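Okay, so here's the structure we're looking at.
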Amino acid sequence: MRAGVAKVNITPPVGVELSGYVGRQQPSVGIHDELCGSALVLDDGHQRAAIVACDLVGLTKDSVERVRGLISQNTEIPGANVMVCCTHTHSGPATLRLRNCGKIDETWMSVLYRQLAGAVIWAEKNLKEVRASVGQGTVTVGINRRAASIKTKEAVVDSTLGVLKIEDFDENPVAALLNYPCHGVVLSHENRLVSADFPGAAVRFVERNLPGNPIILYTNGACGDINPYLQGNSFKQVERIGTIVGAEAVKIMASTEITPNLDLAVASRNIELPLQKMTKAQVEAQFQHYSHQYYSEGPDWLYINRRIYEAMEQWAKETIALLEAGILPNTVSTEVQVIRIGELYLVAVPGEAFCQIGLAIKERSPGRSFIIGYANDVVGYIPTEEAFEQGGYEVEEAYKYYSHLMLAPESAGILVETATNLVNSLKVK
């Protein structure tokens, strides 16, 4: 196996609008820490694949195809063999449409695409013989946020930190891929400084504590219902959470097991996830609910309430217009992808899957699997079927920022089945 790595600075200019929170004052007013796009290119002598990890809230399918197109035009890596994933920091620039959660700077986005492709081009130029090892540990910085919001007893948390270590034959670290499921929301909506949040702090800790300046890729997991236990507006808390995750990663890397017979395999599948149906009357009724809750004509109209009301108004008007035109979709097209490295399966999930979904895929895998969220697309929250019965923000409200209709309950099962079938199609024989 040969591998090449590269890292580029994708920090946007001060003044771009940040994403992730509807209640945030815009635009950004400074930079606390840099955002990075890190690329790992792998070559087993038969084919090549690339993994690109970005300190961003997410990228749409169209954006990923732009990046893949640039990569395939300038390297020997097919676009289908490229995985583009995001850490889901809520203190990065607006890179996908979330109603009233930051306007996208299209000029900067065009630069971003070239930067991410450039990282892969650069990494491919630096291919060298390597060996890989895989390990995992436990980090308990994540909590199931629905335990408090809907008082469910099913507060499942996946606390597994997975690590893929790449080193040369002199045992010098070349790169590492970290995988941990937790929202990048230590910083609140009050923060207006660009930051990679705790994933960035974890990467910096690992870089400081490994010799040879290796490049660290941070990948998020199935974290749709998982938040860090510390939240607020404190960069000290960011460093604290990042240090806990980073320290465990360094510890894991000290005892990882070398993966024998390294080879590479890639598979992907386009799927149609069903959407729940809504009538015009239902849309109007829901908008009236938000109007009663958030609208005010007085001078005391809270900023966050106004922003929520405006977002819900946009959602209702757009959804009704599509309904009346007869073009409101009943499915959403997206992609599931798997890259196998030896006996490790990297499973790309297109959005905010609940941790139970990630655990289900892991349990059905023939080898060790890392579930990589916010990968190749973001279709919004992907709850379990049980969560639809319980309700809550992720089921009833979040989709109105992302799109027009909520995924149907059976979407989780389709995702698990598709991912499981792809993993098994690549099973080591």
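The values are calculated or read from the model by the stated rules, or taken from the named source; none is laboratory data. As the structure is a computational prediction, the values presented were derived from the model and not from experiment. Glycine also receives a Cβ, built like all others from the backbone with ideal geometry; neighbour counts cover every protein chain displayed.
For the stretch 229-238, the condition holds for at least one residue, the condition being that it is out of contact with any Gly (no Cβ under 8 Å at 6 or more places or on another chain), touching a residue at least 60 places away in the same chain (Cβ under 8 Å) and in the same structural domain as Ala6 (by TED's automatic domain parsing). For beta carbons closer than 7 Å, sequence separation of 6+ or different chains, a first residue in the stretch 29-47 that is touching a residue at least 12 places away in the same chain (Cβ under 8 Å) and a second that is surrounded by fewer than 19 Cβ atoms within 10 Å (Cβ to Cβ) and in a strand (DSSP E or B), the qualifying pairs are Val29/Leu193; Gly30/Leu193; Ile31/Leu193; His32/Leu193; Glu34/Asn9; Cys36/Asn9; Asp43/Arg2.
Please work out which residue is surrounded by the most Cβ atoms within 10 Å (Cβ to Cβ), limiting yourself to the stretch 362-410 and to residues that are touching a residue at least 40 places away in the same chain (Cβ under 8 Å) and hydroxyl-bearing (Ser, Thr, Tyr). Looking at the filtered set, the residue picked out is Tyr374.
On the given criteria, is Asn191 more than 26 Å from Asn126 (Cα to Cα), at pLDDT 95 or above and either in contact with a helix residue (DSSP H, G or I) (Cβ under 6 Å, 6 or more places away or on another chain) or surrounded by 19 or more Cβ atoms within 10 Å (Cβ to Cβ) (or both)? In short, yes. Taking the stretch 354-367 as the range and being more than 14 Å from Val157 (Cβ to Cβ) and not β-branched (Val, Ile, Thr) as the test, the residues that pass are Ala360, Glu363, Arg364, Ser365, Pro366, Gly367. For the stretch 91-134, the tally of residues that are in contact with a Gly (Cβ under 8 Å, 6 or more places away or on another chain) and either without any contact (Cβ under 8 Å) to a residue 60 or more places away in the chain or in a strand (DSSP E or B) (or both) stands at 4.
Selection within the stretch 401-429: residues that are of a type in the set (Ser, Thr, Tyr) and not in a loop (DSSP other than H, G, I, E, B). The member of this set that is farthest from Tyr345 (Cα to Cα) is Tyr401.
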